Amino acid sequence: MDEVLVLENFIAGTMVPCKRLLDSYDPSTGRVWAKVPDSGKLEVDAAVAAAKRAFPKWSSMSAQARAKHILKVADLLESQLEEFAVAESQDQGKPLWLARTMDIPRAVLNLRHFAHAIPHHLNTSNVQTEAGVVNYTLREPVGVAGLVSPWNLPLYLLTFKLAPAVMCGNTVVAKPSEMTSVTAYKFCKVLQDADFPAGVINIVFGLGPSAGEALVVHPDVPLVSFTGSTATGKHIAEVTAPMFKKLSLEMGGKNAAVVFSDCDLEACLNTLKRSSFINQGQVCLCTSRIFVQQPLYEEFLDKFVEAVKELRVGNPSEEGVFMGALNSKPHLEKVRRYVRYAVEDGGTVLCGEGIDMCIIPEENKNGYFMRPTVITGLDDKSRCMQEEIFGPVTCVVPFNSEGEVVQRTNDTSYGLCASVWTSNLGVAHRMAHKLKVGTVWTNCWLVRDLDMPFGGVKKSGMGREGTQDSLEFYTEAKTVCTKIS
Ligand code: NAD
């Protein structure tokens, strides 16, 4: 039996043990592999107090000095890339190659990007001279930022919040998902090794309704950045509304791909199998509805199913495995339930759940695996076409005209992203204008410069993050008008 890792909170630069602990499972074996602090108000209060104490010094430091500290953390994290990738894969269930090539490199990039970008934006105020009065704006940090992140891209999303928050001069208290806390815990050790100023970054582990809620409603936390489900985002918006906090909510999606018959089919198939099933379909941007133009529909469906059947599911650390395990047993059960709903709603399962068996090693027999599943024949109003499943399930349906597909694509309560596949840039341009989402990809997916605004519309989100947007969110603008003559 492997040793179980016991995590501690990180408060005021010190690792602080917690008496109450939660079990955290390795999704590929179903075994407990870590114990996570079950923190509550007491621990959150201590972390917020530490962040508050650290604020005056950190916020008055120059942006360049802050960047120096963060770049040191980035270098140290990069030097431990493999160790972090192994931990992320074991904690989350994702294939090791994915943690190695996406999650951890992106966490390093988040730190470096904001360390380099924010100083160029922070103090470049607009200076206008009119009637002898100089007007300019100051961008000032907000205070203690509360950061709440989900389990699908643990360190990737934590650092996407953390880096701009501290670069703007805020101090933070972060609460990672109770299901994937290990890389955040290891990150605390990197902060210690980098001599990162104590109290600027505090990490408290625990459950959403206890640790998470204590953080978001804390009176000394004026700003909350949340990524997670729409239900939790709605709850956070409700409980924080009377407190007038700055709030950024990145939430669920029901993302469509629109495939026109003039597209480069091979490139489209290659990307859509990735966009539907990477990270076991557990990326908020994953495709879960594919609309294919009628002349191409049958050919697309045959080739897509054939390609999906070839995707290997198995032990996340094994070479050649495309999909690892889903993050938790209840989540696997939820995703499987949606496949049953699809059949009840008149759909046909073409491959995956209920059809193809997962061939996995004996040591993984209690892991949370399922095959990538393709469903067709569903009505646009059916549960699988409307609700977020957040797993390896995608639905393929035909369409005829551009006008029709715009209306059908927009017919959900979500609006995170979409991809459009066509060789006609006029069509691509019109689609980009008409789709009600935060990001439209044309003939590609998941490529985005970190300077670009990221976020969703409708139930997918409130606010944007990305260089300029993060700067605006993590600071308050102050206008200064000075009479000089
Ligand atoms: P979740 O909402 O269950 O949990 C997210 C985080 O919120 C966790 O840390 C959790 O402990 C915390 N939390 C739960 N209840 C809370 C409360 N009452 N107060 C404060 N914090 C609370 O989401 P999840 O299951 O961890 O993540 C999956 C969801 O995240 C999916 O819906 C996915 O689409 C979404 N997501 C969105 C984006 C995006 O950028 N839009 C990115 C990744 C994931």
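The values are calculated or read from the model by the stated rules, or taken from the named source; none is laboratory data. What you are looking at is a predicted structure, and each value in this text was computed from that prediction instead of being measured. Positions of Cβ are backbone-derived with ideal geometry, glycine not excepted, and every protein chain shown enters the neighbour counts. Heads up: the accessible areas ignore ligands, DNA and RNA and are worked out on the full protein's heavy atoms, side chains in. Shrake-Rupley method; radii C 1.70, N 1.55, O 1.52, S 1.80 Å.
The listed residues are Gln280, Gln293, and the only one of them that is out of contact with any helix residue (DSSP H, G or I) (no Cβ under 7 Å at 6 or more places or on another chain) and open to solvent by 10 Å² or more (accessible area, probe 1.4 Å) turns out to be Gln293. Of the numbered criteria (1) more than 16 Å from the ligand (Cβ to nearest atom); (2) surrounded by 22 or more Cβ atoms within 10 Å (Cβ to Cβ), the one Ser288 fails is (1). Residue check: is Ala477 in contact with an Asp or Glu (Cβ under 9 Å, 6 or more places away or on another chain) and farther than 23 Å from Gly252 by Cα? So Ala477 passes the test. Check segment 96-118 and report whether any residue there is touching a strand residue (DSSP E or B) at 6+ places or on another chain (Cβ under 8 Å), in the same structural domain as Glu472 (by TED's automatic domain parsing), at negative phi and part of a helix (DSSP H, G or I). Checked segment 96-118: no residue is touching a strand residue (DSSP E or B) at 6+ places or on another chain (Cβ under 8 Å), in the same structural domain as Glu472 (by TED's automatic domain parsing), at negative phi and part of a helix (DSSP H, G or I).
Results for (1) surrounded by fewer than 17 Cβ atoms within 10 Å (Cβ to Cβ); (2) more than 28 Å from Val6 (Cα to Cα); (3) touching a helix residue (DSSP H, G or I) at 6+ places or on another chain (Cβ under 8 Å), shown as yes or no for each residue.
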residue	(1), (2), (3)
Ala74	no, no, yes
Ala85	no, no, yes
Pro119	no, yes, yes
Asn135	yes, yes, no
Leu155	no, no, yes
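Of the residues that make up segment 296-306, is at least one open to solvent by less than 10 Å² (accessible area, probe 1.4 Å) and hydroxyl-bearing (Ser, Thr, Tyr)? Scanning segment 296-306, I find no residue that is open to solvent by less than 10 Å² (accessible area, probe 1.4 Å) and hydroxyl-bearing (Ser, Thr, Tyr), so the answer is no. Residues in segment 51-69 that are open to solvent by 60 Å² or more (accessible area, probe 1.4 Å) and in contact with a Lys or Arg (Cβ under 9 Å, 6 or more places away or on another chain): how many? Result for segment 51-69: 0. For segment 46-60, the criterion of a residue being within 26 Å of the chain's Cα centre (by Cα) and either charged (D, E, K, R) or in a loop (DSSP other than H, G, I, E, B) (or both) is satisfied by no position. Does Ser423 satisfy the condition of being at pLDDT 95 or above and within 25 Å of Val335 (Cβ to Cβ)? Considered against the rule, which asks whether it is at pLDDT 95 or above and within 25 Å of Val335 (Cβ to Cβ), Ser423 comes out as no. All of Gly347, Gly455 fail the test of being more than 16 Å from the ligand (Cβ to nearest atom) and either closer than 30 Å to Arg337 by Cα or out of contact with any Lys or Arg (no Cβ under 8 Å at 6 or more places or on another chain) (or both), apart from Gly347. For the structure I just gave you, tell me whether Arg274 is more than 16 Å from the ligand (Cβ to nearest atom), free of Cβ contacts under 8 Å to residues at least 60 places away in the same chain and under 27 Å from Gln90 (Cα atoms). For Arg274, the condition - more than 16 Å from the ligand (Cβ to nearest atom), free of Cβ contacts under 8 Å to residues at least 60 places away in the same chain and under 27 Å from Gln90 (Cα atoms) - is not met. Contact map, segment 66-82: residues that are β-branched (Val, Ile, Thr) paired with residues that are not in a helix (DSSP H, G or I), Cβ distance under 8 Å, separation 6+ or inter-chain. Pairs shown: Val73/Ala194; Val73/Phe196. The requirement of being crowded, with 18+ Cβ neighbours inside 10 Å, in contact (Cβ under 8 Å) with a residue 40 or more places away in the chain and away from the ligand (no atom under 15 Å from the Cβ) is fulfilled somewhere in segment 233-249, by at least one residue. Within segment 70-90, not a single residue is of a type in the set (Phe, Trp, Tyr) and in contact with a strand residue (DSSP E or B) (Cβ under 9 Å, 6 or more places away or on another chain).
Among residues that are away from the ligand (no atom under 16 Å from the Cβ) and in contact with a helix residue (DSSP H, G or I) (Cβ under 9 Å, 6 or more places away or on another chain), Ala267 is not included.
Conditions tested, residue by residue: (1) more than 14 Å from Leu285 (Cβ to Cβ); (2) of a type outside the set (D, E, K, R).
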| site | (1), (2) |
| --- | --- |
| Cys417 | no, yes |
| Thr422 | yes, yes |
| Gly426 | yes, yes |
| Met431 | yes, yes |
| Lys434 | yes, no |
| Arg448 | no, no |
| Met452 | no, yes |
| Met462 | yes, yes |
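Taking the conditions (1) touching a helix residue (DSSP H, G or I) at 6+ places or on another chain (Cβ under 7 Å); (2) of a type outside the set (Asp, Glu); (3) more than 23 Å from Pro197 (Cβ to Cβ); (4) surrounded by 18 or more Cβ atoms within 10 Å (Cβ to Cβ) in turn, Lys41 satisfies each one other than (4).
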